[in-house]
Amino acid sequence: MSTMIERVAKALAVEADDSYQDNQIFWQGYARAAVKAMRTPTAEMIDACEFTEDGEHTPNNSVLAAQQCWESMIDEALKP
């Protein structure tokens with residue numbers, strides 16, 4: 001299990017006022033689903049990538065690279 005899945009699982013358990021230690025498998029399953037749902041960036045996330053802090057337009061290849069990097073990071077977090 002990846003560190004990210006465990007981190008998300010613990011956060012979900014805390015938010016639900018439940019014990020992570022007593023229900024690890026349960027919370028890890030929900031964490032995997034939550035992280036997996038985030039794999040493909042939303043249009044809003046991609047739009048946020050298109051401009052720098054000072055309003056300059058980011059080259060399209062940079063936006064594509066950011067999207068591919070994001071997906072690769074999520075894929076890594078989902079590895080068993």
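Values quoted throughout were computed directly from the atomic coordinates according to the rules given, and no laboratory measurement underlies them. All values derive from a computational prediction rather than experimental measurement. Methodologically, a virtual Cβ is constructed for each residue, glycine included, from the backbone with ideal geometry; neighbour enumeration extends over all protein chains shown.
Of everything in segment 54-75, what is under 16 Å from the mean Cα position of the chain (by Cα) and among the small types (Gly, Ala, Ser)? Give them in sequence order.
ALA66, SER72
Looking at segment 21-71 only, could you name the residues that are surrounded by 10 or more Cβ atoms within 10 Å (Cβ to Cβ), more than 14 Å from GLU6 (Cα to Cα) and among the small types (Gly, Ala, Ser)?
ALA48, SER62, ALA65, ALA66 - these are the residues of segment 21-71 that are surrounded by 10 or more Cβ atoms within 10 Å (Cβ to Cβ), more than 14 Å from GLU6 (Cα to Cα) and among the small types (Gly, Ala, Ser).
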